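Below is one structure, written out as structure tokens; comments come after it.
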Amino acid sequence: MAHINEFIDYTVEVFIVHKDKVLFRWHDKYNLWLSVGGHIELDEDPNQAAIREVKEEVGLDVVLYDKLRPFVWEADNYKELIPPYFMNIHKVSDTHRHVTLNYFATSNSDKVVENSHDKSGKWKWMTREEVEADLDIHEMKKTYALKALEELSI
């Protein structure tokens, strides 16, 4: 999706763990391995966006990591959302930034279904050792991925 706001957009990234591996996708624009993610639509909350982006981009059903909420409270007009594990703001251009909510999630399957809009079609499940050794992963993404593996690997 294109930018929603002029100066700051809100986005999600999801580090998906299956057994002892984390999923990365090749990003043609940046020539790097990145996690799954995208913009939060105006009619959805961040949790919905994270789950939608994963389904759209890789066809997986995931469960968001939910160990950070101190309690779960839901009522007719109130719902406690699952918080992201990390959150950052970064520059996209001289006039535009993204606030990114970084979630961890698990999947019962490692069968990626390629999105027809994906240009590269390159996906890779990586072990801890592969993440640490890969030079085409930004250091911050490595940090997030390794933490996801630490928390969610079985």
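Every number here is computed from the coordinates shown, using simple stated rules; none is lab data. Not measured: the values here are computed from a predicted model. Every residue, glycine among them, receives a Cβ derived from its backbone with ideal geometry; neighbour counts consider all protein chains shown.
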*Translational diffusion coefficient, Stokes-Einstein: compute it for the chain using the Kirkwood radius over C-alpha pairs as Rh, at 25 °C and 0.890 mPa s, and state it as an integer in µm² s⁻¹.*
153
*Output the peptides 25-34, 51-60, 133-142, 64-73 sorted from most to least packed, where packing is the average of other Cβ atoms within 10 Å over each peptide's residues.*
51-60, 25-34, 133-142, 64-73
_With a cut-off of 8 Å between alpha carbons and a minimum separation of six or more residues, what is the relative contact order of the chain in percent?_
35
*Kirkwood Rh over Cα pairs of the stretch 4-54 into Stokes-Einstein at 4 °C, 1.567 mPa s: D in µm²/s?*
107
*Just how large is the dipole of the chain about the Cα centre, in debye to the nearest 20, putting +1 at every Lys and Arg Cβ and -1 at every Asp and Glu Cβ?*
360
*Residue among Ser35, Ser107, Ser93 with the largest mean-square fluctuation in a Gaussian network model of the chain, springs linking Cα atoms under 10 Å*: Ser93
*asked:* Longer than 26 Å from Cα to Cα, which of Lys55/Lys122; Lys91/Lys111; Lys55/Lys79; Lys79/Lys111; Lys29/Lys79; Lys55/Lys142 are they? Say none if no pair is.
replied: Lys91/Lys111; Lys79/Lys111; Lys29/Lys79
*So, counting K/R as plus one and D/E as minus one, what does the shell of residues with Cβ under 13 Å around Thr95 add up to?*
-1
*Who wins for biggest fluctuation among Asn102, Asn77, Asn47 in a Gaussian network model of the chain, springs between alpha carbons below 10 Å?*
Asn77
_Report for the chain the percent antiparallel among DSSP-assigned beta bridges with both residues inside it, nearest 5._
70
*Quick one: net charge around Gly59, please, counting Lys, Arg +1 and Asp, Glu -1 for every other residue with C-beta under 10 Å from its C-beta.*
-2
*Pulled fully out, how much extra length does the chain show between Ser109 and Trp73, if you take 0.36 nm times their separation in residues and subtract their Cα-Cα distance?*
10.0 nm
*For Tyr103, list long-range residues whose amide hydrogen, built 1.01 Å from N in the peptide plane, is under 5 Å from its own amide hydrogen.*
Glu13, Val14, Phe15, Tyr85
*Sequence-distant residues sharing a close amide H with Leu32 (under 5 Å, placed H)*: His27
*Say we join alpha carbon atoms closer than 10 Å with springs in a Gaussian network model of the chain; which of Asp94, Asp43, Asp76 then has the biggest fluctuation?*
Asp76
